[in-house]
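J.: Below: one structure in structure tokens.
The values are calculated or read from the model by the stated rules, or taken from the named source; none is laboratory data. Keep in mind the model is a prediction, meaning the values are calculated, not measured. All Cβ positions, glycine included, derive from the backbone under ideal geometry; neighbour counts span all protein chains shown. To get the accessible areas, we keep the full protein, side chains included, count just its heavy atoms, and leave off ligands, DNA and RNA. Shrake-Rupley method; radii C 1.70, N 1.55, O 1.52, S 1.80 Å.
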Amino acid sequence: MTLDRQRRIEGLVALVLFALTIPAANWLIGNAGTVCVPNGPCLVPVWPGIKAPSGVLMIGLALVLRDLVQRRLGTAAGLGAIAVGAAISGFLAPSAIVVASVAAFLLSELADFAVYTPLQKRRFVTAVIASGVIGLVVDSIVFLQLAFGSLDFLSGQIIGKAWMVLLALPLMHLLRRRDERLGLVAA
């Protein structure tokens with residue numbers, strides 16, 4: 001298999017996984033958690049004494065996967081993934097929070113893109129960390145403010161998403177090292 005073909009296949013796998021994080025987040029928020037608030041989200045502990053809606057775990061992962069889509073398929077594919085993700089988010093979000101879901105997804109992924117793009121060729125792992133942090137903060141603030149008019153779950157949202165970014169970092173480090181060993185360059 002050529003390196004170009006391998007890069008495209010890995011990019012398509014990342015794109016499919018990225019797209020799957022959106023329905024997973026929507027399902028989790030209403031169905032899985034240690035506590036489910038009546039007419040509200042299901043919550044999971046993200047730190048001692050701090051809970052967050054369970055969907056945050058998938059959103060943190062989405063930020064990293066979108067970075068991989070861009071690394072493997074290019075900036076146009078990264079922007080396309082954001083547009084498709086926003087559409088999926090709007091289609092699957094409960095009607096009461098559709099605007100919040102789409103706006104948060106779109107703005108956070110664009111913020112992630114804006115930070116990741118200039119950094120990724122020189123410092124891939126740093127780019128994933130920096131863009132993930134910016135994206136998760138933007139997503140948390142926009143979603144909570146638009147959906148609930150409150151930032152009550154802000155610390156939990158940020159911590160929950162940060163865990164997923166942090167858990168992905170060893171894989172990103174290994175991926176970068178493997179890419180260097182194989183001579184596989186970013187798209």
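J.: Can Ile59 be described as within 17 Å of Gly132 (Cα to Cα) and in a helix (DSSP H, G or I)? Talk me through it step by step, then tell me what you get.
T.: Numbers: within 17 Å of Gly132 (Cα to Cα): yes; in a helix (DSSP H, G or I): yes.
Yes; evaluated as a whole, the condition is true for this residue.
J.: Something else about it: In the range 117-132, how many are assigned to a helix (DSSP H, G or I) and out of contact with any Leu (no Cβ under 9 Å at 6 or more places or on another chain)? Don't jump to the end; show me each part of the working.
T.: Of all residues in the range 117-132, those assigned to a helix (DSSP H, G or I) come to 117-119, 124-132.
Going one step further and asking which of them are out of contact with any Leu (no Cβ under 9 Å at 6 or more places or on another chain), we end up with 117-119.
Within the range 117-132, residues that are assigned to a helix (DSSP H, G or I) and out of contact with any Leu (no Cβ under 9 Å at 6 or more places or on another chain) number 3.
J.: Surrounded by 20 or more Cβ atoms within 10 Å (Cβ to Cβ), part of a helix (DSSP H, G or I), of a type in the set (S, T, N, Q) and in contact with an Asp or Glu (Cβ under 8 Å, 6 or more places away or on another chain), is that true of Ser108?
T.: Values: surrounded by 20 or more Cβ atoms within 10 Å (Cβ to Cβ): yes; part of a helix (DSSP H, G or I): yes; of a type in the set (S, T, N, Q): yes; in contact with an Asp or Glu (Cβ under 8 Å, 6 or more places away or on another chain): yes.
Judged against the criteria, Ser108 is a match.
J.: Right, something else. Exactly one condition in (1) under 21 Å from Leu73 (Cβ atoms); (2) in a loop (DSSP other than H, G, I, E, B) is false for Leu151; which is it?
T.: Only one criterion is unmet by Leu151, namely (1).
J.: Looking at Leu63 and the list (1) closer than 20 Å to Val125 by Cα; (2) of a type in the set (A, V, I, L, M, F, W, C); (3) at pLDDT 90 or above, which single condition is not satisfied?
T.: Leu63 satisfies all of (1) closer than 20 Å to Val125 by Cα; (2) of a type in the set (A, V, I, L, M, F, W, C); (3) at pLDDT 90 or above except (3).
J.: Which residues, taken from the range 72-89, are of a type outside the set (Val, Ile, Thr), touching a residue at least 24 places away in the same chain (Cβ under 8 Å), part of a helix (DSSP H, G or I) and open to solvent by less than 20 Å² (accessible area, probe 1.4 Å)? Can you show your working first?
T.: Filtering the range 72-89 for residues of a type outside the set (Val, Ile, Thr) gives 72-74, 76-81, 83, 85-87, 89.
Now drop any that are not touching a residue at least 24 places away in the same chain (Cβ under 8 Å), which leaves 72-74, 77-79, 81, 85, 89.
Subset that is part of a helix (DSSP H, G or I): 72-73, 77-79, 81, 85, 89.
Hits for the range 72-89 are Arg72, Gly78, Ala81, Gly85, Ser89.
J.: Also, I was wondering about something else. Go over the candidates Leu136, Leu92 one by one and state the one that is surrounded by fewer than 24 Cβ atoms within 10 Å (Cβ to Cβ), of a type outside the set (Lys, Arg) and either in contact with a Leu (Cβ under 9 Å, 6 or more places away or on another chain) or modelled with pLDDT under 95 (or both). Reasoning before the result, please.
T.: Working: Leu136 fails: surrounded by fewer than 24 Cβ atoms within 10 Å (Cβ to Cβ).
Checking each option against the conditions leaves just Leu92.
J.: Among Val125, Val115, which is at pLDDT below 90, under 16 Å from the mean Cα position of the chain (by Cα) and among the aliphatic types (A, V, I, L, M)? Outline the logic, then answer.
T.: Details: Val115 fails: at pLDDT below 90.
On inspection, the qualifying residue turns out to be Val125.
J.: Please enumerate the residues belonging to the range 17-69 that are of a type outside the set (A, V, I, L, M), open to solvent by less than 10 Å² (accessible area, probe 1.4 Å) and under 20 Å from Val102 (Cβ atoms). Outline the logic, then answer.
T.: Step one: of the range 17-69, the residues of a type outside the set (A, V, I, L, M) are 18, 21, 23, 26-27, 30-31, 33-34, 36, 38-42, 45, 47-49, 51, 53-55, 60, 66-67.
Those still in the list that are open to solvent by less than 10 Å² (accessible area, probe 1.4 Å) too: 18, 21, 42, 53-55, 60, 66-67.
Residues satisfying the conditions are Phe18, Thr21, Pro53, Ser54, Gly55, Gly60, Arg66.
Matching residues to (1) over 16 Å from the mean Cα position of the chain (by Cα); (2) among the polar types (S, T, N, Q):
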residue: Leu28; (1), (2): no, no
residue: Asn31; (1), (2): yes, yes
residue: Leu43; (1), (2): yes, no
residue: Ile50; (1), (2): yes, no
residue: Ala62; (1), (2): no, no
residue: Leu73; (1), (2): yes, no
residue: Gly80; (1), (2): no, no
residue: Val84; (1), (2): no, no
